[in-house]
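**Q** Handing you this structure, nothing more for now.
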Amino acid sequence: MNNNNNKARLLQGNEACVQGALYAGAEFFAGYPITPSTEVAEGMSRELPKVGGKFIQMEDEIASMAAIIGASNAGCKSMTATSGPGFSLMQENIGYAYITETPCVIINVQRGGPSTGLPTKIAQSDIMQARWGTHGDYTAVVLAPSTVKECFEEVVRAFNLAERFRTPVVVLTDEVLGHMREMMEIPEPGEINVIRRHKPDVPHDWYKHFEITPSFVSSMASFGEGYRYNVTGLIHDQEGFPTANPVEIKEKLDKLRLKIDRFADEIYKIRTDMMDDAHIAILSFGTVSRSARQAIKMARDKRIKIGAIQLLTLWPFPDAKLREMLSGVRKVIVAELNMGQLVNEVKRIAPRHTEVHELQRYDGEVMAPQQILDKIREVK
Amino acid sequence: MDKIAHGSDVTHHYLRPKKKFPNVWCAGCGNGIVMGALIRSIDRLNLDKDKVVVVSGIGCSSRMPVYLDFNTLHTTHGRALAFATGVKVAKPDLKVIVITGDGDALAIGGNHFIHACRRNIDITTILINNKIYGMTGGQFAPTTPGGSFATTAPYGNYEKQFDAVKLAIGSGASYVSRGTVYHVQQLEKLIEGGLNKRGFSLVDVYSNCHTYYGRFNKEGDAVKMLEWFKKHAMPIEAARKLPPEKMVDKFVTGLIHETDATEFCQEYDMLLDRLGVKKEVAK
């Protein structure tokens, strides 16, 4: 971090999410106050009107999710932010965003659960909810930053992926990351590529809102542009009309999966530290990755050959890529702030010769580097 | 004869030709009458089809948008007004209409309903009120009168009834009206008035579900139920002159409440003006 640079700003993780959204061209935000995500809504209420964008505080999280989907269909880049209980309430309409292929971004600043749980304390226990929270089959895109700068970058990336693939994208941060302050430099416009959904280039009568294209991603017209399409949460044909035809049903569900799976290599994002000669790897995401980076330095001082793998894309899960990385180590320690969610995915894909060890904490506290170091000593 | 042919031309102009009719509604259902009234109101106002967005939730009435040749959004149960709010705030130049039922708007969507009224956001809401859950097979709704029968009220309904009109007035809507599927010309005028109003407008339309409500409560077929509306409706102008005892078995119709409160998007525009921001409609 270059602290001498006068463009550097001291930002909270939640504030960096706001800055990332503005950089990505967010035009609409709907939300409902909830700890520890509220600063995102506050920031958007302050900043969006200044650039002619729209901010609305809705009556609950169900309505917030509904409003951003409505706004996205009207052509706006849209976002909401929430935490545990609010994320639960949003699941109904997140499903609607999946089936209607509506681009939008949902930030979940994780806190402890279940239910009201721990409003002011950290957890990483919404990994599976972010993947499977709403009913039915679909493919989720979920990103997870670990620093303030990554909050900014991952929110920009979330907008880009949402717009490109016409899908909701979830960004999982957490209470500590949301409230911690770090220096970061906001990139100049153009430094990070910003994507907008592909608009149809066919005459109105030819347009199909859910057309099955070679990439499985359809162009997207907005309400008011003359295309007059239908959007429904019922399984629909390519024109958006409800269908009970088994062929069309399967086509639709395959489309939801394939448009992500076919481009998964471009969605995966993994950061590695000191993995070249490592015998042991610490695998983590979010705030825990910060402790992991510190822990491997401490272990390296003790001549333990260890490295760290940080997942910035949690879903789609990078099966093949991770398997390849893990084939080079004897042991992997999966460190997470929950009762064991990520570790099961790692066990599913780990090569047979790689031992998978679990390290969990779920008492509302961060995982200290020392705790990881102790685990390293135990398994090495 | 000419008049009917003309009416049919108008109707076809606003229906989706490629959509497979027949519709999902029972023969004699009031939903079709409301759809016809809506189409004629829109035609009379000469609204641009491209600029009309029809949003609905879940239920029999909420299946209406799929037949209509506008921008249409068939959403989740009870949430139509929340989706519609997003559309309207994002693009205030669009004419946003919500089609909802009594269960959709007043039970699962009750919270969204009162807050849309409170914001006085420019959405025309047509609440097709048949006093029962039709699509799921005749369960009691928040609008089912006490003592009425439904599949989940086999011994008679022991709950109290919601009055959508009073609820909307109390919540801040600036145009609140009630019509019926019998009084079609009045209904068209009420919808037209709602579409013209800049603010939240409600048209609470009493409609018939003879398939369930009528059958369970021995109110007869569609025609019998329409006759009931005819007999018991009292226009607001006349109702105001009547003593309460003469209104006991009557319900009030017409434009019941109107104010000129500022509308939500108008307020937001004024905010942008105060901030000195150039307003831009989303691309």
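**Q** Would you please list the contacts, defined by Cβ atoms under 7 Å and residues six or more apart or on different chains, that run from a residue in region B:70-87 that is more than 7 Å from chain A (Cβ to nearest Cβ) and touching a residue at least 40 places away in the same chain (Cβ under 8 Å) to a residue that is crowded, with 24+ Cβ neighbours inside 10 Å and part of a loop (DSSP other than H, G, I, E, B)?
**A** Close Cβ pairs satisfying both conditions: B:Leu81/B:Gly109.
**Q** Listed residues B:Gly170, B:Gly179, B:Gly194; which is surrounded by fewer than 21 Cβ atoms within 10 Å (Cβ to Cβ) and either in contact with a His (Cβ under 6 Å, 6 or more places away or on another chain) or not in a loop (DSSP other than H, G, I, E, B) (or both)? Reasoning before the result, please.
**A** Working: B:Gly179 fails: surrounded by fewer than 21 Cβ atoms within 10 Å (Cβ to Cβ); B:Gly194 fails: surrounded by fewer than 21 Cβ atoms within 10 Å (Cβ to Cβ).
Selected residue: B:Gly170, the only one of B:Gly170, B:Gly179, B:Gly194 that is surrounded by fewer than 21 Cβ atoms within 10 Å (Cβ to Cβ) and either in contact with a His (Cβ under 6 Å, 6 or more places away or on another chain) or not in a loop (DSSP other than H, G, I, E, B) (or both).
**Q** Hey, A:Thr243 hits all of (1) within 14 Å of chain B (Cβ to nearest Cβ); (2) touching a residue at least 12 places away in the same chain (Cβ under 8 Å); (3) surrounded by 16 or more Cβ atoms within 10 Å (Cβ to Cβ) but one; which does it fall short on?
**A** Failed condition: (2).
**Q** Give the residue that is nearest to the other protein chains (Cβ to nearest Cβ), with candidates limited to residues of region A:200-225 that are over 31 Å from the mean Cα position of the chain (by Cα) and part of a loop (DSSP other than H, G, I, E, B). Explain how you work it out, then say what you get.
**A** We begin by selecting, within region A:200-225, every residue over 31 Å from the mean Cα position of the chain (by Cα); these are A:202-206.
Still in the running and part of a loop (DSSP other than H, G, I, E, B): A:202-203.
Values: A:Val202: 16, A:Pro203: 14 Å.
Top of the filtered list is A:Pro203.
**Q** Mind checking which residues of region A:113-163 are assigned to a loop (DSSP other than H, G, I, E, B), more than 10 Å from the chain's Cα centre (by Cα), farther than 18 Å from A:Ser289 by Cβ and touching a residue at least 60 places away in the same chain (Cβ under 8 Å)?
**A** Step one: filter region A:113-163 for residues assigned to a loop (DSSP other than H, G, I, E, B), giving A:113-117, A:119-126, A:133-140, A:144-147.
Among the residues that remain, those that are also more than 10 Å from the chain's Cα centre (by Cα) are: A:113-117, A:119-126, A:133-139, A:146-147.
In the following step, the residues that additionally are farther than 18 Å from A:Ser289 by Cβ were identified as A:113-117, A:119-121, A:133-139.
Selection gives A:Pro119, A:Thr120, A:Lys121, A:Asp137, A:Tyr138, A:Thr139.
**Q** Is region B:17-27 home to any residue that is at pLDDT 95 or above, among the small types (Gly, Ala, Ser) and surrounded by fewer than 24 Cβ atoms within 10 Å (Cβ to Cβ)? Walk me through it before giving the result.
**A** First, pick out the residues of region B:17-27 that are at pLDDT 95 or above: B:25-27.
Checking the rest, the ones that are also among the small types (Gly, Ala, Ser) come to B:27.
Filter again for surrounded by fewer than 24 Cβ atoms within 10 Å (Cβ to Cβ), leaving B:27.
Within region B:17-27 (the criterion being at pLDDT 95 or above, among the small types (Gly, Ala, Ser) and surrounded by fewer than 24 Cβ atoms within 10 Å (Cβ to Cβ)), the answer is yes, since at least one residue qualifies.
**Q** Within region A:225-277, track down each residue that is over 26 Å from A:Asp205 (Cα atoms) and of a type in the set (D, E, K, R).
**A** A:Arg257, A:Asp261, A:Arg262, A:Asp265, A:Glu266, A:Lys269, A:Arg271, A:Asp273, A:Asp276, A:Asp277
**Q** Quick test of your reading of the structure: A:Arg228 fulfils all but one of (1) part of a helix (DSSP H, G or I); (2) more than 21 Å from the chain's Cα centre (by Cα); (3) within 14 Å of chain B (Cβ to nearest Cβ); (4) not polar (S, T, N, Q). Name the failing condition by number.
**A** Unmet for A:Arg228, out of (1) part of a helix (DSSP H, G or I); (2) more than 21 Å from the chain's Cα centre (by Cα); (3) within 14 Å of chain B (Cβ to nearest Cβ); (4) not polar (S, T, N, Q): (1).
**Q** Can you confirm whether region A:151-165 contains a residue that is of a type in the set (D, E, K, R), buried (at least 24 other Cβ atoms within 10 Å of the Cβ) and under 26 Å from A:Ala71 (Cβ atoms)? Before you say what the answer is, go through the steps one by one.
**A** First, pick out the residues of region A:151-165 that are of a type in the set (D, E, K, R): A:153-154, A:157, A:163-164.
Still in the running and buried (at least 24 other Cβ atoms within 10 Å of the Cβ): A:154, A:157.
Add one more test, that the residue is under 26 Å from A:Ala71 (Cβ atoms), and what stays is A:154, A:157.
Scanning region A:151-165 turns up at least one residue that is of a type in the set (D, E, K, R), buried (at least 24 other Cβ atoms within 10 Å of the Cβ) and under 26 Å from A:Ala71 (Cβ atoms).
**Q** Which members of region B:89-135 meet the condition of being part of a helix (DSSP H, G or I), crowded, with 24+ Cβ neighbours inside 10 Å and within 8 Å of another protein chain (Cβ to nearest Cβ)?
**A** Initial filter on region B:89-135 (part of a helix (DSSP H, G or I)): B:89-90, B:102-108, B:110-119.
With the extra rule that they be crowded, with 24+ Cβ neighbours inside 10 Å, the set shrinks to B:89-90, B:102-106, B:112-113, B:116-117, B:119.
Listed by number, the residues that qualify are B:Val89, B:Ala90, B:His112.
**Q** Restricting to region B:49-69, what's the tally of residues that are assigned to a helix (DSSP H, G or I), over 19 Å from B:His12 (Cβ atoms) and either more than 16 Å from the chain's Cα centre (by Cα) or within 8 Å of chain A (Cβ to nearest Cβ) (or both)?
**A** Of the residues in region B:49-69, 1 are assigned to a helix (DSSP H, G or I), over 19 Å from B:His12 (Cβ atoms) and either more than 16 Å from the chain's Cα centre (by Cα) or within 8 Å of chain A (Cβ to nearest Cβ) (or both).
**Q** Please return the ranges of strands (runs of 3 or more DSSP E) entirely within region A:1-96 where 3 or more residues are in contact (Cβ under 8 Å) with a residue 40 or more places away in the chain and closer than 26 Å to A:Leu256 by Cα. Outline the logic, then answer.
**A** Working: elements: A:8-12, A:28-31, A:54-57, A:78-82.
Strands (runs of 3 or more DSSP E) meeting the threshold: A:28-31, A:78-82.
**Q** So which residues in region B:249-265 are more than 19 Å from the chain's Cα centre (by Cα) and within 20 Å of B:Asn130 (Cα to Cα), if there are any at all?
**A** Selection gives B:Asp249, B:Lys250.
**Q** Let me ask something additional. Scan region A:113-142 residue by residue and report those that are aliphatic (A, V, I, L, M) and under 17 Å from A:Tyr98 (Cα atoms).
**A** In the first step, residues of region A:113-142 are kept if they are aliphatic (A, V, I, L, M); the result is A:118, A:122-123, A:127-128, A:130, A:140-142.
Across region A:113-142, the qualifying residues are A:Met128, A:Ala130, A:Ala140, A:Val141, A:Val142.
**Q** Identify, from the list A:Ile107, A:Ile69, the residue that is modelled with pLDDT of 95 or more and more than 10 Å from chain B (Cβ to nearest Cβ). Write out each step before concluding.
**A** Details: A:Ile69 fails: more than 10 Å from chain B (Cβ to nearest Cβ).
One residue alone meets the criteria, A:Ile107.
**Q** On the given criteria, is B:Thr262 in contact (Cβ under 8 Å) with a residue 12 or more places away in the chain and closer than 30 Å to A:Phe28 by Cβ? Give the steps one after another, and end with the answer.
**A** On the way: in contact (Cβ under 8 Å) with a residue 12 or more places away in the chain: yes; closer than 30 Å to A:Phe28 by Cβ: yes.
Judged against the criteria, B:Thr262 is a match.
**Q** Kindly provide the set of residues from region A:43-63 that are surrounded by 24 or more Cβ atoms within 10 Å (Cβ to Cβ), facing another protein chain (nearest Cβ under 8 Å) and not aliphatic (A, V, I, L, M), ordered by number.
**A** Across region A:43-63, the qualifying residue is only A:Lys54.
**Q** Does any residue in region B:161-189 that is at positive phi come within less than 7 Å, Cβ to Cβ, of a residue that is buried (at least 22 other Cβ atoms within 10 Å of the Cβ) six or more places away or on a different chain, and which pairs are these?
**A** Partner pairs satisfying both residue conditions: B:Gly172/B:Cys117; B:Gly172/B:Asn120.
The values are calculated or read from the model by the stated rules, or taken from the named source; none is laboratory data. Note that the structure is a prediction, hence the values are computed from the model and not measured. Every residue, glycine as well, gets a Cβ built from its backbone with ideal geometry; the counts of neighbours run over all protein chains shown.
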